[in-house]
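Have a look at the structure below before the remarks.
The values are calculated or read from the model by the stated rules, or taken from the named source; none is laboratory data. Keep in mind that this is a model prediction, so the values were computed, not measured. Cβ placement follows ideal geometry from the backbone for every residue including glycine, while neighbour counts extend to all protein chains displayed. When the accessible area is computed, the model is the full protein with side chains, heavy atoms only, and any ligands, DNA or RNA have been set aside. Shrake-Rupley method; radii C 1.70, N 1.55, O 1.52, S 1.80 Å.
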Amino acid sequence: MSRLADLGWGLTGRLVQVPPVPDLPDGRIVDLPGRGHTFVVDTGAPRGREDVPPLILLHALGCTGLLTWYPSLPALAARYRVLTLDQRWHGRGIRSPHFRLEDCADDAVALADALGIGRFVAVGYSMGSLVAQVVAIRHPGRVAGMVLGASTMRFGHGRADPLALRVLALRVRAMAERRLRGGPFGPPPDGRADPNRWALAQFRSTSPAEIAGATAVLAQFDSSRWARRVTAPTGVVITRRDHAVPIAQQRALVRTLKHATAFEIDAGHAAVVLDAAKFTPALLAACASVTLRSTAPGPR
């Protein structure tokens, strides 16, 4: 390895750091009858919050449930029962001959069925936000609300290019790998797990070929024909400096949905992890808005 390569990898390690990994709840493999099995984390309902609809978190392209949501998970779990799952073709999720967002949406409902959950809030980021929209239109009786982050109704030519999502996922994966390869690791001085090593393992659980296949499906997504029919209360976290999903596309989604409230932050597409200090408060506000409207008596 050249000194130049050493310098480049070391610099990447200093500039690109994922947030510290907290003590994460244990997960388990859950069988979804007739569909397959996937890795699930279930935090359980906090005391006194048993009547609040649970949150099912749907992750971003090329990630896993925990990798997308771990910076926000402690704050969410203090207020809600929270479930994450690895979606099809990602992490320890279901492997199938084809990747379809409709199957991903049905998997989320099948998980709720398997755990005895009736209505839930579908919380999705980037790719997961598209899945959440499909859940809401296919299973309106099961969705108490939606929370969408870095979302859109469709990808098209120009700046809202699905290739940007693929490039972003692969670039973050490569940066984590460079950090790992930048030098030998010793145990962290405080005894905690190294977050970059953990993130790399999470990224590597989804292959580049699977990311490419999922990206091709995202390119065909278009909810503009039916988004107005979604009646679930919705909170939308808008990432204003997003180069993968332009802000105009995100705001158009808010205008189209009947019961949507926007929460804007000055952050980019990777905010869910790399700018969690801004993203998590907006996420909590969006979830509170949705759950209050979903449990309020009378018209929304």
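A protection proxy built from the mean count of other Cβ atoms within 10 Å ranks the segments 88-94, 24-30, most packed first, as 88-94, 24-30. In terms of accessible area, using a 1.4 Å probe and ignoring ligands and nucleic acids, Ile137, Ile265 rank largest first as Ile137, Ile265. Against the criterion of solvent-accessible heavy-atom surface with a 1.4 angstrom probe, Ser205, Ser151 sort, most first, into Ser205, Ser151. Add +1 for every Lys or Arg and -1 for every Asp or Glu among the other residues with Cβ under 10 Å from the Cβ of Gln87, and state the total. That works out to -2. For segment 61-144, the relative contact order comes to 24 percent (Cα pairs under 8 Å, sequence separation of at least 6). For Phe221, the residues 5 or more places off, or on other chains, whose built amide H falls under 5 Å of its own are Phe155. Label sites at Ser96 and Asp51, each approximated as a point 7 angstrom past Cα along Cα to Cβ, lie 3.6 nm apart.
For Ala144, the residues whose amide H sits under 5 Å from its own are Phe120, Val121, Ala122, ignoring neighbours fewer than 5 places away on the same chain, with H placed 1.01 Å from N.
Fully extending the segment from Leu24 to Asp222, taken as 0.36 nm per residue of separation minus the present Cα-Cα distance, adds 67.8 nm. Apolar share of the accessible surface for segment 16-154: 49 percent from carbon plus sulfur atoms, 1.4 Å probe. Fully extending the segment from Ala212 to Arg240 would add 7.5 nm, taking 0.36 nm per residue of separation and subtracting the current Cα-Cα distance.
Summing charges over all other residues whose Cβ lies under 9 Å from the Cβ of Gln250, with Lys and Arg as +1 and Asp and Glu as -1, gives 0.
Using DSSP to define loop residues, name the chymotrypsin sites (Phe, Trp or Tyr not before Pro) in segment 198-300 whose beta-carbon has at most 16 other beta-carbon atoms within 10 Å. Those satisfying the criteria are Trp226.
Taking every protein chain into account, the 1.4 Å probe leaves Glu210 with about 40 Å² of accessible area, to the nearest ten. Given their separation in residues at 0.36 nm each and the Cα-Cα distance between them, Thr231 and Ala277 gain 13.5 nm when the chain is fully extended.
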